[in-house]
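Report on the structure given below.
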Amino acid sequence: MARSPDSSNYNLHMASTTQEFQRSSFLIDPHDRERVFDAFRRWGYLQAQLDPLGQYLAPQSVPELAVEGDYAAEARRYYCGTIAAEFTHIPEVEKREWIQERLESEAPAVDRKRTLELLTKADLFEQVIQSRYLGTKRFSLEGVTALIPFLDELLNDATERDTVQVVIAMSHRGRLNVMVNTVGKSAADMFAKFEDVDPRSILGSGDVKYHQGATGTFTGRNGKSINLHLVSNPSHLEAVDPVATGRVRAKQVRFGGVDTVLPIMIHGDAAFAGQGIWAETLNLASVEGYSVGGGVHVIVNNLIGFTSEPSETNSSRFASDIAKRLPIPIFHINAEDPDAVLRIARLAAEYRYTFHTDVVVDLVGYRRHGHSEVDDPTITQPIRYERIKNHPPLHEIYAREIGVDNGQRVQEITAEIGEAQKQAKKLQKRPRMAQLPAYWDKYQGGPYKPEYEVETGISREQVGSVADKLASYPQDFHIHPKIKKLLEQRAEMGHGKRPFDYGMAEAVAFGSLVLQGTPVRLSGQDSKRGTFNQRHSVLIDIENEDEYIPLNHLAAQQAKYEVYNSILSEAGVLGFEYGYTRDYPETLVLWEAQFGDFANGAQIVIDQFISAGEDKWGLLSGVVMLLPHGYEGQGPEHSSARIERYLQLAARDNMQVCQPSTAAQYFHLLRRQALRSWRKPLVVFTPKSMLRHPDANSPIEDFSRPHFLNVLPETEVQDAKRLLVCTGKIGHELRVERKKRKDDSTAIVFIEQLYPWPEAELSAELQRQANAQEIVWVQEEPANMGALWFVLPRLKRIAGDRPVLTVKRSAAASPATGSAKAHDVEQKTLIDLAFGGAR
């Protein structure tokens, strides 16, 4: 048997062989200019001088760059200095040539005096806060204050185009500095938040200063002005990205084009690399229905995430590497070269407006203090903070570099900031509610008032007219035989020849709204067809796959209906749709989960924006969440939309939680959401098996009824001895069982709106069934889930002396069984208990 070679010698031999192969393979003729430059265009970014402190991002050995000579020296100057460019992964040659042409030319002149002024203001703003509010969180920008002149140059470029507004999204780091030195918020107002003269924490409302939004105006060198809006953002750092993108899309629709609104997204390095919602948002870039013509993404790169070093926050050399999934340029800049920063700011803006794609700018600096100016960073990064301790602020470095004595101006700015602090103590408390744009004037938030109600019914003739259009398509359109039959059935529904199912009720609701001038936007995974094959709002030609949308062919003058199959994302897409509602309140905007509990993946958006946005920031939204819900033996993930979670979030009339039990109820609910002026998020637990169940279908007469009914009363049993109260699918199963038993003593009442709680309507129904000796709450969900905990105390209060019993599954860790047979046994037992007594 042959001996194995010594492993250490073998590895050394292989390493030597590999190095020889690399040297011979990558040897470039130093006189071949094109090959030399091509090597540096591809790999030069790996040898750039990016870390101002010289600790991280050391130049990487690249065999292709081991070439000397005049061409190499020239290429190295362009690609291995304080600017590093990654662009050779872009497949379009014209984009690559556009970038290299600009990088390989002399840098344009910059206004160094203005740059110094902005750097001085940015640094001193932070220093004054640090000295006067020691130990207060502020998430300082010190170490990357070049962001302020970067934004200034970017906004100057925007004023030279047709831009109407710039939407800025960013997390905490540097936010207060941007508010004052970019957006134009007064320093006195900012200091007032440190003095807490404008308390906003009464009963849990309001938010901390570094989460709040701001609006302002920027005037460029050319005298033109544009509006700025800094979007409110919670502690979930990148959660604002899809929200801001959705807002940009809505504003672009409103103002008329992608160049009218420029998105600027400012990220932290660890968050950019680590947070999945940003990856979801990045994937929306060119998807139909979500694109915004690109934006400028700036990484405020401290080379640290709280206390984690770069090797702990991302698995690659740069935090920006996730952006390589798209064919977009990435520019890294040493943040202590302000001239280079301004050059890339102008180039990034020009690229975005030229090619309408995203651009990523990685602004590499450091963080002068701890994560929140409270913790001690010398404990976890002693070497780095030993270097920072004696490292001068950027405005001092830059003043020396350009040969300017800046001492007098430092004193003047310090005095101005000090005076602003004095003024802050005199400011009076202001109303908490944000000042919303004019297109919000006819909409209200706050507590519910009965006068907000509107009639939602339409005439039988209107239903028939809409139905005829919904069931028609061009003569030369080759329709699928199954869909042809479906449309024929829908035409019959529209003329009262068969009852309406949910799919047709929804279509008529949308059709009646667009005819009244209300746009409708629906998105979700497979929403064009519908997860349960129930919608079919987009017809597909079976010969060429052309699309036809009947809802956009109802009348010459009508609003637009949009429906999109979204990317396989919950958080990113729901955040986008929430953002869209923030700037297009006239539109009925709906997001549909494929199954209800898939919304779990968007919980940050639900918790931090949808349920709390009005209370924290005074910002309204009418976003609708369609969450399929119902126990049909399909397992844990396909049963529950987690009713309990939304009810737990409900308070102070912040949103609506509904489960319409019939097709007509769903129709009225959608129209109510669009037509009344009370703008609140709406959570709808939609059916699955009930989509076509005869008991949930509605006759055409129900569409002429004036309102959505918060409580669906008993209509068959007049003098009940037992009253079952429920919501959704279980009620229909109880009705079927009652009919089977020929039971004429049990009444069944549906609560259609769980929140705001329909106290008056439910009280009236209980009073109407005053002889019922037992009131029973029945739910499919386990005892620790569903609406039980929410409903029971309220139901007991209304019931008075009458006992209130409950029927439900036993408490469980999982929402439902994975066995269809076990489900059937459980469901039968549950229904038996509802009719036979519950304890």
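Derivation of every value follows stated rules applied to the coordinates shown; laboratory data play no part. For clarity, every value in this text was computed on a predicted model and none was experimentally measured. All Cβ positions, even for glycine, are placed from backbone atoms using ideal geometry, and neighbour counts span all protein chains on display.
Less than 5 angstrom separates the built amide H of THR727 from those of ILE751, all sequence-distant by 5 or more or on a different chain.
Within the stretch 376-462, the trypsin sites (Lys or Arg not before Pro) that combine a DSSP coil assignment with at most 14 other C-beta atoms in a 10 angstrom radius are LYS425, LYS426, LYS429, LYS442. For the stretch 529-602, the square roots a ≥ b ≥ c of the C-alpha gyration tensor eigenvalues yield an a/c of 1.5 or more together with a/b not exceeding b/c, which makes the shape oblate. Under 5 Å between amide hydrogens, built in the peptide plane, is the criterion, and for MET170 it picks out VAL231, ILE266 among residues at least 5 positions away or on other chains. Placing unit charges on each Cβ (+1 for Lys and Arg, -1 for Asp and Glu) gives the stretch 617-746 a dipole about its Cα centre, and among GLY731, GLN665, ALA651 the Cα reaching farthest toward its positive end belongs to ALA651.
Under the convention that each Lys and Arg Cβ holds +1 and each Asp and Glu Cβ holds -1, the size of the dipole of the stretch 442-507 around its Cα centre is about 220 debye.
Longer than 27 Å from Cα to Cα, which of LYS688/LYS821; LYS497/LYS560; LYS485/LYS821 are they? Say none if no pair is. Flagged as over cut-off: LYS497/LYS560; LYS485/LYS821. Computing FRET efficiency as 1/(1 + (r/R0)^6) for LYS821 and TYR448, where r is the C-beta to C-beta distance and R0 is 51 Å, gives about 0.70. The distance between label points at ALA651 and GLU488 comes to 5.6 nm (points 7 Å beyond Cα on the Cα→Cβ vector).
Within the chain, antiparallel bridges make up roughly 20 percent of the DSSP beta bridges whose residues both belong there. The label point for SER131 and the one for TYR439, both projected 7 Å from the Cα toward the Cβ, are 4.6 nm apart. Computed from backbone phi with θ = phi - 60° and the Karplus coefficients 6.51, -1.76 and 1.60, the 3J(HN,Hα) list for the stretch 496-501 is x, 8, 8, x, 7, 9 Hz; x is used for glycine and proline. Using only the Cα atoms of the stretch 300-401, build the gyration tensor, take square roots of its eigenvalues as a ≥ b ≥ c, and label the shape rounded, prolate or oblate: rounded if a/c is under 1.5, else prolate if a/b is larger than b/c, else oblate. In terms of gyration-tensor shape, oblate. Segment GLU104..HIS707, full-extension length gain: 210.3 nm, with 0.36 nm per residue of separation and the alpha-carbon distance subtracted. Membrane-span-like helices in the chain (whole DSSP H runs, Cα extent of at least 27 Å along the helix axis, mean Kyte-Doolittle hydropathy of at least -0.5): none found. So which lysines pass the test for LYS193, namely a Cα distance under 26 Å, with those fewer than 8 places away in the same chain ruled out? Once the sequence-local lysines are set aside, what remains near LYS193 is LYS121, LYS137, LYS185, LYS209, LYS422, LYS425, LYS426, LYS429, LYS616. Calculated FRET efficiency, ASP541 to LYS739, Cβ-Cβ distance, R0 = 51 Å: about 0.70 to the nearest 0.05.
Extension gain, SER372-GLN773: 0.36 nm per intervening residue step, less the Cα-Cα distance, totals 138.3 nm.
Loop-located GluC sites (Glu not before Pro) in the stretch 60-108 (DSSP state not H, G, I, E or B) with no more than 11 neighbouring Cβ atoms inside 10 Å: GLU68, GLU92, GLU106.
Sorted into 10 angstrom bins from 0, the C-alpha pair distances of the chain split as 2, 12, 19, 20, 17, 13, 10, 5, 2, 0, 0 percent. What trypsin sites (Lys or Arg not before Pro) does the stretch 543-636 have in DSSP loop regions with at most 15 other beta carbons within 10 Å? Sparse-neighbourhood loop trypsin sites (Lys or Arg not before Pro): LYS560. Available extension along the chain between SER311 and ILE379 is 22.7 nm, counting 0.36 nm per residue and deducting the alpha carbon span. Considering the stretch 584-675, its Cα convex hull presents a mean projected area of 6.5 nm². Packing around the peptides 635-646, 529-540, taken as the average count of other Cβ atoms within 10 Å per residue, puts them in this order, highest first: 635-646, 529-540. From the cross-link list LYS324/LYS528; LYS449/LYS796; LYS808/LYS828, which pairs have alpha carbons spaced over 21 Å apart? Over 21 Å apart, Cα to Cα: LYS324/LYS528; LYS449/LYS796.
The order of the peptides 446-455, 501-510 by mean Cβ neighbours within 10 Å, most packed first, is 501-510, 446-455. Under the convention that each Lys and Arg Cβ holds +1 and each Asp and Glu Cβ holds -1, the size of the dipole of the chain around its Cα centre is about 2460 debye.
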